[in-house]
1. In region 197-228, which residues have a backbone nitrogen under 14 Å from the label point lying 7 Å from Ala361's Cα in the Cα-to-Cβ direction?
2. Points 7 angstrom from Cα along the Cβ direction at Asp183 and Lys225: gap in nanometres?
3. Give the shape of region 143-363 as rounded, prolate or oblate, defined through the alpha-carbon gyration tensor: a ≥ b ≥ c are the square roots of its eigenvalues, a/c under 1.5 means rounded, and otherwise the shape is prolate if a/b is larger than b/c and oblate if not.
4. What does the charge count around Tyr222 come to, taking other residues whose C-beta lies under 13 Å from its C-beta (Lys +1, Arg +1, Asp -1, Glu -1)?
5. Please give the FRET efficiency for Thr155 paired with Thr115, using the beta carbon to beta carbon distance and R0 = 56 Å, rounded to the nearest 0.05.
6. Can you tell me the order of 286-296, 322-332, 344-354 when each peptide is scored by its average per-residue count of other Cβ atoms within 10 angstrom, highest first?
7. Want the number for Ser306 to Gln268: 0.36 nm per residue separation, take away the alpha-carbon distance, what's left?
8. Around Leu337, what is the net charge, scoring Lys/Arg as +1 and Asp/Glu as -1 over all other residues with Cβ under 13 Å from its Cβ?
Amino acid sequence: MKAALLILTVIASPARAGVAVSAEAGAEASVPRISLQTTLSPMSGPSLGSTFTPGLNASFAAPSAPTPILAAPAALTPSALPAPLAASVIPAASAPQTPRQDPQAAETPAAEKGTPSFKTKILGMLKGMANPFGGKKAEDIPPASEAERLDREFTKLDVWAQVAPSARAEVETLRARGLSKADFKEHVRSAARAAMARMQAAAGTNNIGFHYNLHGGQREQYVGKGINATMGDIALQYSMHGDRNYKVYFFQSAQHDLYTLLDESHPQLLLFPSRMGHALNLFDVDAPAILEAKAGGRIRDHGAISMDFHGMGGVPYSAYLAPPVEVFHRTAKKIGLKKLTRDEETLATIRYLEAVVAAGAPYIPR
């Protein structure tokens with residue numbers, strides 16, 4: 001009875017590898033001897049041959065040769081066991097061979113073709129966080145007017161890229177000559193006078209107006225709208241008796257040379273190096289729309305630096321010689337140099353404006 005229970009215990013215990021079981025009679029016929037040869041896994045060391053005598057002793061024999069793991073189930077056959085146990089052993093060949101499957105893999109359906117990947121979804125989420133209100137890029141939005149459409153076409157000309165090589169070469173040549181600051185300034189003044197004559201010839205007028213965004217505004221805000229007249233007399237900031245007329249302030253080539261109107265500093269930033277602005281509007285001071293307004297009394301007090309508007313919004317866009325342009329902003333980078341002095345920047349800007357006036361007229365709706 002004890003031998004039968006021992007055999008059942010050995011069979012019921014989980015086999016870590018392969019187990020070979022045999023029953024043999026010991027020195028005493030009443031005490032059966034069970035011989036176990038176990039093949040351990042590689043993590044548990046070499047296989048051991050063990051002989052157990054139930055109730056008496058247990059001695060470990062010398063390690064035997066490794067037994068192949070797949071050969072172990074063959075030892076558990078009905079012929080190797082006593083008759084009462086043989087009937088309860090299922091042959092290894094008849095055991096169902098079901099491959100192991102990942103439970104999550106079984107539950108998760110296969111991804112359909114064309115379904116966005118996890119990475120794509122994350123990138124889409126981050127893009128939505130960066131621009132929560134959606135919208136389009138400026139170039140994707142249809143132009144609101146013909147003036148805006150033409151302005152985009154003018155921007156594609158990239159006038160700075162066209163004049164950059166010659167402007168850079170001119171600056172580098174003057175640097176190599178080692179001119180003094182005064183001589184360099186006089187050279188730029190002379191270049192400005194010659195350029196102004198060519199600009200007037202290209203524009204077909206002897207009086208070109210130059211208006212800066214002195215009190216703010218961006219280049220694009222003038223496109224199609226022109227220059228708005230404002231109650232902007234600086235005297236109003238210091239007195240109640242200043243000029244309350246709606247005005248447009250500007251330089252005109254009939255009264256100022258090109259070097260002076262470009263070199264002028266911001267009147268309220270005299271302690272720091274400054275310019276009058278970075279958005280520049282070039283218009284014909286004697287354009288038909290302006291002459292008609294002057295004759296009709298809608299433009300009055302036309303002086304050297306300003307004109308008053310009565311019943312008229314300001315300088316119309318049809319009087320422009322070219323679309324508004326950006327000046328004095330990263331000029332050195334635009335012509336391919338690391339740094340420019342003030343007069344070098346003025347010289348490069350002169351070359352740029354000359355090219356703008358020569359090419360800009362077709363991009364203004366009339």
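Values quoted throughout were computed directly from the atomic coordinates according to the rules given, and no laboratory measurement underlies them. Since the structure is predicted, the reported quantities are computational estimates derived from the model, not experimental observations. Ideal geometry is used to build each Cβ from the backbone, glycine not excepted, and the neighbour counts take in all protein chains shown.
1. 198-208
2. 4.8 nm
3. Prolate shape, in that a/c is at least 1.5 and a/b is the bigger ratio.
4. On the way: positive: Arg219, Lys225; negative: Glu148, Asp151, Glu220, Glu326.
Here the count lands on -2.
5. Values: r = 41 Å, r/R0 = 0.73.
So the FRET efficiency works out to roughly 0.85.
6. Taking the mean over residues of other Cβ atoms within 10 Å, the ranking is 344-354, 322-332, 286-296.
7. The Ser306-Gln268 span can extend by a further 11.9 nm.
8. Taking every other residue near Leu337 into account, the sum is +3.
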